[in-house]
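Below is one structure, written out as structure tokens, with a few remarks after it.
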Amino acid sequence: VLLTGHTGFKGAWLALWLQTLGARVSGFSVSAPTRPSLYELARVDEGMQTRVGDVRDADALAAAVAAARPEVIVHMAAQPLVRRAYAAPKETYEINVIGTVNVLEAVRRSAEVRVAINVTSDKCYANRPQGAPWSGYREDDALGGEDPYSSSKAAAELATEAYRASFFAGGDDARVATARAGNVIGGGDWGEDRLVPDLMRAALAGETAFVRNPRAVRPWQHVLSPLSGYLVLAQALWESGEYARAWNFGPDDTDACTVQSIVEGIAERWPDGVRWQVAEPARGRRSSFSEAHHLKIDSSDARERLGWRPPLDLERALDATVAWYRELREGADPRALTIAQVSTLSEHEPRAAA
Ligand SMILES: NC(=O)c1ccc[n+]([C@@H]2O[C@H](COP(=O)([O-])OP(=O)(O)OC[C@H]3O[C@@H](n4cnc5c(N)ncnc54)[C@H](O)[C@@H]3O)[C@@H](O)[C@H]2O)c1
């Protein structure tokens, strides 16, 4: 299995999970995007072959695929930050769209790749006002995005669809799918501009956390939930080309809640509580980005056709996330801690079903 973006948050979790499953894993990515990072703390590189490279460099990427000869590719390398995309829109499109095209080209040229999954986002949908009751965006809803990040992910979806129809439509061709998931939480995230890392950084330093948009509703899920979706999807694609399409991997409706309730859920679980306040917009800056205010995706296709279930619900996701940072503070080895969470959490039934 070759992962792009294996030095990132989702990539590090998925690389460790695949290592524990006994897969031969390789990775292609620029260096870890944060310091500290789960990738470095958990010594993810110990169990895999890694290559440093930029997805905008088509030759380097093709060479990495030719050397690793993967049967499965999960493409996660991206510029994933909405705020940075406003500051650097061209770079964001180059990494997220041309980078994806370069992955698709490398797949086209490979005789070994049988399954490729392009990880995009729940933000790839056109943001349309919805009446109630509404189950969320479905995979055949219009793509769009009013900010550069969202639109770059919609464009990556469109490029994948065109390549699939044009180059991957035959029996022996690689089976190429896209996966759309939303905000993830979990231990080991130090991303900038992300709620849980902001809270955990403040908690570990004994400082006050600043929270944007406390009333915004988001579908929250543990990082292992979409990752389990990618694995289930890879397996289904391995077995049949009929699964080569776009898939949503979102949490249950009950796990869509406000930023504020996540903050409170984390503060309750952290031993000394977490001090926080609403962030004042900086002078001369827009008070909030044009981020879709209420993002909801309908994952009934993944549940019904792939048999996917999120392995843990929001309460357990919050328990596991806070436990990870707490155990780190208490001196646990991050690699052992993360692998232990993979093995205990990936098989958990959601509490509601227990
Ligand atoms: N974290 C979330 O809540 C979330 C939500 C929806 C979608 N996603 C998507 O999931 C994927 C993984 O996100 P993440 O949270 O792990 O982000 P991350 O920033 O932690 O990881 C991104 C990875 O891409 C690599 N990368 C960045 N630019 C690169 C380039 N030019 N060439 C090669 N590698 C490059 C980074 O080094 C890192 O390994 C991304 O495609 C992201 O858009 C994430």
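The values are calculated or read from the model by the stated rules, or taken from the named source; none is laboratory data. Computed from a predicted structure; not experimentally measured. Neighbour counts run over all protein chains shown; Cβ positions are idealised from the backbone, glycine included. Side chains included, ligands, DNA and RNA excluded: accessible areas come from the protein's heavy atoms. Shrake-Rupley method; radii C 1.70, N 1.55, O 1.52, S 1.80 Å.
So, of the residues in region 173-219 that are of a type in the set (Lys, Arg) and more than 15 Å from the chain's Cα centre (by Cα), which turns out to be farthest from Ala32 (Cα to Cα)?
Applying the filter and picking the extreme gives Arg215.
Restricting to region 296-312, give me the number of residues that are surrounded by fewer than 20 Cβ atoms within 10 Å (Cβ to Cβ) and modelled with pLDDT of 95 or more.
Let us first name the residues in region 296-312 that are surrounded by fewer than 20 Cβ atoms within 10 Å (Cβ to Cβ), namely 298, 300-301, 303-307, 309.
Now narrow it down to the ones that are modelled with pLDDT of 95 or more: 300-301, 303-307.
Qualifying residue count, region 296-312: 7.
Can you tell me which of (1) aliphatic (A, V, I, L, M); (2) open to solvent by 10 Å² or more (accessible area, probe 1.4 Å); (3) within 12 Å of the ligand (Cβ to nearest atom) is the one Leu41 doesn't meet?
Unmet for Leu41, out of (1) aliphatic (A, V, I, L, M); (2) open to solvent by 10 Å² or more (accessible area, probe 1.4 Å); (3) within 12 Å of the ligand (Cβ to nearest atom): (3).
Looking only at residues in region 154-172 that are in contact (Cβ under 8 Å) with a residue 40 or more places away in the chain and open to solvent by 50 Å² or more (accessible area, probe 1.4 Å), which one is nearest to Cys124 (Cα to Cα)? Don't jump to the end; show me each part of the working.
Quick first cut of region 154-172, residues in contact (Cβ under 8 Å) with a residue 40 or more places away in the chain only: 155-157, 159-161, 163-164, 167-168, 171.
In the following step, the residues that additionally are open to solvent by 50 Å² or more (accessible area, probe 1.4 Å) were identified as 161, 167, 171.
Details: Glu161: 13, Phe167: 23, Gly171: 29 Å.
My answer is Glu161.
Does region 51-60 contain any residue that is open to solvent by less than 60 Å² (accessible area, probe 1.4 Å), touching a residue at least 24 places away in the same chain (Cβ under 8 Å), of a type in the set (A, V, I, L, M) and in contact with a Phe, Trp or Tyr (Cβ under 7 Å, 6 or more places away or on another chain)?
no
Just to verify a result, which residue in region 243-265, among those that are open to solvent by 10 Å² or more (accessible area, probe 1.4 Å) and among the polar types (S, T, N, Q), is farthest from Gln277 (Cα to Cα)?
So the residue we want is Thr254.
What residue, of Pro133, Pro226, is at pLDDT 95 or above and either within 15 Å of the ligand (Cβ to nearest atom) or over 28 Å from Ile95 (Cα atoms) (or both)? Break it down into steps so the answer makes sense when it comes.
Values: Pro133 fails: at pLDDT 95 or above.
Selected residue: Pro226, the only one of Pro133, Pro226 that is at pLDDT 95 or above and either within 15 Å of the ligand (Cβ to nearest atom) or over 28 Å from Ile95 (Cα atoms) (or both).
Exactly one condition in (1) over 17 Å from the mean Cα position of the chain (by Cα); (2) surrounded by 18 or more Cβ atoms within 10 Å (Cβ to Cβ) is not met by Glu46; state its number.
With respect to (1) over 17 Å from the mean Cα position of the chain (by Cα); (2) surrounded by 18 or more Cβ atoms within 10 Å (Cβ to Cβ), Glu46 is out only on (2).
Would you check if Ala165 is more than 20 Å from the chain's Cα centre (by Cα) and modelled with pLDDT under 95? Show your work before the answer.
Working: more than 20 Å from the chain's Cα centre (by Cα): yes; modelled with pLDDT under 95: no.
Taking the combined requirement at face value, the residue does not satisfy it.
Whether any residue in region 65-76 is open to solvent by 20 Å² or more (accessible area, probe 1.4 Å) and within 8 Å of the ligand (Cβ to nearest atom) is what I want to check.
Among the residues of region 65-76, at least one is open to solvent by 20 Å² or more (accessible area, probe 1.4 Å) and within 8 Å of the ligand (Cβ to nearest atom), which makes the answer yes.
I'm told Asp140 meets every condition in (1) open to solvent by less than 10 Å² (accessible area, probe 1.4 Å); (2) at pLDDT 95 or above except one. Can you identify the failing condition by its number?
Among (1) open to solvent by less than 10 Å² (accessible area, probe 1.4 Å); (2) at pLDDT 95 or above, the lone unmet condition for Asp140 is (1).
Could you grab me the full set of residues in region 1-13 that are of a type in the set (Val, Ile, Thr) and part of a loop (DSSP other than H, G, I, E, B)?
If we filter region 1-13 for residues that are of a type in the set (Val, Ile, Thr), which is where we start, we get 1, 4, 7.
Residues satisfying the conditions are Val1, Thr7.
Is region 84-102 home to any residue that is under 18 Å from Leu233 (Cα atoms) and in contact with a helix residue (DSSP H, G or I) (Cβ under 6 Å, 6 or more places away or on another chain)?
No - not one qualifying residue is present in region 84-102.
Among what's in region 12-48 and is among the small types (Gly, Ala, Ser) and without any contact (Cβ under 8 Å) to a residue 40 or more places away in the chain, pick the residue that is nearest to Leu224 (Cα to Cα).
Ala15
Here's a check for you: in region 85-112, which residue that is open to solvent by less than 10 Å² (accessible area, probe 1.4 Å) and in contact with a Pro (Cβ under 8 Å, 6 or more places away or on another chain) is nearest to Val176 (Cα to Cα)?
Thr92
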